[in-house]
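The values are calculated or read from the model by the stated rules, or taken from the named source; none is laboratory data. If you're wondering where the values come from, they're calculated on a predicted model, not measured in any experiment. We place every Cβ from the backbone using ideal geometry, glycine too, and count neighbours over all the protein chains shown. Calculation scope for accessible area: heavy atoms of the full protein, side chains included, ligands and nucleic acids excluded. Shrake-Rupley method; radii C 1.70, N 1.55, O 1.52, S 1.80 Å.
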Amino acid sequence: MSEQQLREEMVRYARSMFERGYSSGGAGNISLKLPDGTILATPTNSSFGDLVADELSKVTMDGEQISGQKASKEVLMHLAMYRQRPQCGGIVHLHSPWLTALSCLPGIDPENALPPITPYYVMRVGKLPVVPYIRPGSPLIAEHVEKLAAEHNAILLANHGPIISGKTLREAVFNAEELEETAKLYFMLKPFGMNTLTQENVDELNATFNMK
Ligand SMILES: O=C(O)[C@@H](O)C(=O)COP(=O)(O)O
Ligand SMILES: [Zn+2]
């Protein structure tokens, strides 16, 4: 895809997520890797609802601004994910309601906030480790993400929201949708208890499907 097509794709997916309540106001940020290895990111304080393709921020892998409006204050967090996952082509950070609620829940397992309740969640994400609360925009978030990203395509920031990657932006959005739906199911089931997949089920899925 050309840079122009990728810019338009970012605008389109952002608007789609905005319209479905995955991010409201100026919350969240998105990035993708351009063919020349630089990163296209949403500008800070922009809304997913009305991004303009020509105003998107372009930065180097060192975080240096090349063009467009000032990049998201979470760009270091995105760059940490790209560094650790060379296969990664797109990233979304959301304040989507079910995952953000999960990120505030007492007693969540820091190694995996969401149990394996459905096969598709296991195929697309599998495990969701949690980074302790750190103020948005702090370079410390990037340090935590850097440690987890080689092994995990999605990470939950406590009392904040998820960061989710994919081989392309389209795949990152699909992974985000699956993760948000799984968090919703988790809250629906929690009052009743739930059957989860066994380790054997998880191993079979990981051996059969390679979506991460
Ligand atoms: O929660 C925050 O403040 C940021 O993580 C965020 O979601 C929006 O920041 P910008 O991308 O700088 O607008
Ligand atoms: Zn945020």
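Normalised by the number of residues in segment 9-61, the average gap of Cα pairs under 8 Å and 6 or more apart makes the relative contact order 39 percent.
In straight-distance terms, cross-link reach from residue 58 covers every one of the lysines whose alpha-carbon lies under 28 Å from its own, apart from those fewer than eight places away in the same chain; here that gives 33, 70, 73, 147, 167, 212.
Rounded to the nearest 10 degrees, the inclination of helix 169-189 to the longest alpha-carbon principal axis of the chain is 30 degrees. Per residue, the average separation of C-alpha pairs within less than 8 Å and at least 6 apart gives the chain a relative contact order of 20 percent. Please give the per residue accessible area of segment 135-212, computed with a probe of 1.4 Å over protein heavy atoms only, in Å². Ligands and nucleic acids excluded, the figure is 53 Å² per residue. Taking the protein heavy atoms of the chain in the context of the full set of protein chains, the accessible area attributed to carbon and sulfur is 53 percent at 1.4 Å. Can you figure out the FRET efficiency of residue 140 with residue 55, using R₀ = 35 Å and their beta-carbon distance, to the nearest 0.05? That pair, residue 140 with residue 55, gives E of 0.75.
Roughly how tilted is helix 139-148, in degrees to the nearest 10 and between 0 and 90, from the longest Cα axis of the chain? Tilt of helix 139-148: around 50 degrees.
Where only DSSP H runs of four or more residues are counted, the chain gives -11500 deg cm²/dmol as its mean residue ellipticity at 222 nm, each run worth -39500 (n - 2.57).
What the Cα atoms of segment 1-99 give is an Rg and a Dmax of 12.4, 36 Å. Under the combined filter of DSSP loop state and at most 13 neighbouring Cβ atoms within 10 Å, segment 158-212 retains these chymotrypsin sites (Phe, Trp or Tyr not before Pro): 192, 209. Restricting segment 60-142 to chymotrypsin sites (Phe, Trp or Tyr not before Pro) that sit in a DSSP loop and have at most 16 other Cβ atoms within 10 Å of their own Cβ leaves 133. The heavy atoms of residue 143 offer some 100 square angstrom of accessible surface to a 1.4 angstrom probe.
Expressed as a rounded percentage, what relative contact order does segment 23-88 have, with Cα pairs under 8 Å and six or more residues apart?
Details: 106 pairs, mean separation 17.8, N = 66.
It rounds to 27 percent for segment 23-88.
At the listed q of 0.10, 0.11, 0.17 Å⁻¹, the Debye profile of the chain, built from one uniform point per Cα, gives log10 I(q)/I(0) equal to -0.40, -0.48, -1.15. Pairwise Cα distances in segment 51-119 exceed 13 Å for 75 percent of all pairs.
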